[in-house]
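Asker: Please read through the structure below; I'll follow up with questions.
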Amino acid sequence: MLRRICVSTTTATALILTPTATATPAGPVRVEQGAKVYFADHGYCTIGFNDPVQRISYTAGHCGGDGTRATITVDGSSVSGTFYPSSEFGASATGNDWGAIRWDDGVQSGPNTVTGDAIADLGSLTPGDEICLLSAGQTRCSEFVGRLNNNVYWDEPVGMRGDSGGPVWAPGKGFVAVYSGASTIYNDSGDTATLNRASKPINGPGVTEQDELNFISATKPIGGAVTHETVQPGEGPARVEEGSSLSTPGVMAVVLVVVAVIVGLVPFAAQYARSVGWL
């Protein structure tokens, strides 16, 4: 079941991808889905999904720390909000890599013009479904491979620097998750297998290094003992497991925890509010 909200149809403002500006907004400023947002002392990420009612925008959890100021420039005016990563971010290797920006007064979250406002049920996704990512302003699509808890995985190509937090969606089904990066396995022969990774912005069970190592080895087997790495968009591998190995796929078992959750904007906002102490 998909849920949809009604939002304003006012013409979208242009996006200026710089963190500083001197102009003062003449009225409410709208933050658009897919806009680049600057996090103090961290760099750029992308707005993945907007909740216009709560004036919240969702992006990746690794984009900033708790309370980091996030800034976006619209029509020459610089506006800001405060970032709060998921309360479960960092509790596992790659799970719950999402966070929310609560915008300051006078800033509005615009409509979701990239994905639409519908929220896809992760349980409705099947291997082979088309999954799309907004990468550097361009739509890049590939095939859905599977999921681990609230993490979803699809085939390459991997995103670019600044794509973190960007919208991931299934055409015809709706918004799926915010982009986290990629997970890779490799063996001593130099063979590699990589899957894109994104997190649905609602807290769920964690995802461990071994979970991903097993999952990728089963879906894209390369043979031999393998090692697991993670990559953030536009960066080189950042190893999260040293010396971990797995025998050939024929002797391993893969356990996939399937959590079929139908989620709309209200559960997103409610859980986020609880995580930062608003409820």
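The values are calculated or read from the model by the stated rules, or taken from the named source; none is laboratory data. These numbers come from a predicted model, not from an experiment. Every residue, glycine among them, receives a Cβ derived from its backbone with ideal geometry; neighbour counts consider all protein chains shown.
Asker: Which of the residues that make up region 73-117 are at pLDDT 95 or above, assigned to a strand (DSSP E or B) and not charged (D, E, K, R)?
Answerer: If the condition is that a residue be at pLDDT 95 or above, assigned to a strand (DSSP E or B) and not charged (D, E, K, R), then SER80, GLY81, THR82, PHE83, TYR84, PRO85, GLY99, ALA100, ILE101, TRP103 are the ones that fit.
Asker: Considering only region 31-51, state which residues are of a type in the set (A, V, I, L, M) and either closer than 26 Å to GLY206 by Cα or assigned to a strand (DSSP E or B) (or both).
Answerer: VAL31, VAL37, ILE47 - these are the residues of region 31-51 that are of a type in the set (A, V, I, L, M) and either closer than 26 Å to GLY206 by Cα or assigned to a strand (DSSP E or B) (or both).
Asker: While we're looking at this one, here's another question. Hey, can you tell me all the residues within region 52-66 that are in contact with a Ser or Thr (Cβ under 6 Å, 6 or more places away or on another chain) and part of a strand (DSSP E or B)?
Answerer: SER57 - this is the single residue of region 52-66 that is in contact with a Ser or Thr (Cβ under 6 Å, 6 or more places away or on another chain) and part of a strand (DSSP E or B).
Asker: May I pose another question? Can you name every residue in region 65-78 that is surrounded by fewer than 21 Cβ atoms within 10 Å (Cβ to Cβ) and either over 18 Å from the mean Cα position of the chain (by Cα) or in contact (Cβ under 8 Å) with a residue 24 or more places away in the chain (or both)?
Answerer: If the condition is that a residue be surrounded by fewer than 21 Cβ atoms within 10 Å (Cβ to Cβ) and either over 18 Å from the mean Cα position of the chain (by Cα) or in contact (Cβ under 8 Å) with a residue 24 or more places away in the chain (or both), then GLY67, THR68, ARG69, THR71, ASP75, GLY76, SER77, SER78 are the ones that fit.
Asker: Show me the strands (runs of 3 or more DSSP E) entirely contained within region 121-205 in which 2 or more residues are over 25 Å from PRO221 (Cα atoms).
Answerer: The strands (runs of 3 or more DSSP E) meeting that bar are 130-135, 138-148, 167-170, 174-187.
Asker: Shifting gears a bit: Among the aromatic types (Phe, Trp, Tyr), out of contact with any Leu (no Cβ under 8 Å at 6 or more places or on another chain) and surrounded by fewer than 24 Cβ atoms within 10 Å (Cβ to Cβ): is that true of PHE89 in this structure?
Answerer: yes
Asker: In region 81-112, which residue that is hydrophobic (A, V, I, L, M, F, W, C) and in contact with a strand residue (DSSP E or B) (Cβ under 6 Å, 6 or more places away or on another chain) is farthest from GLY204 (Cα to Cα)?
Answerer: Only one residue tops the list, namely VAL107.
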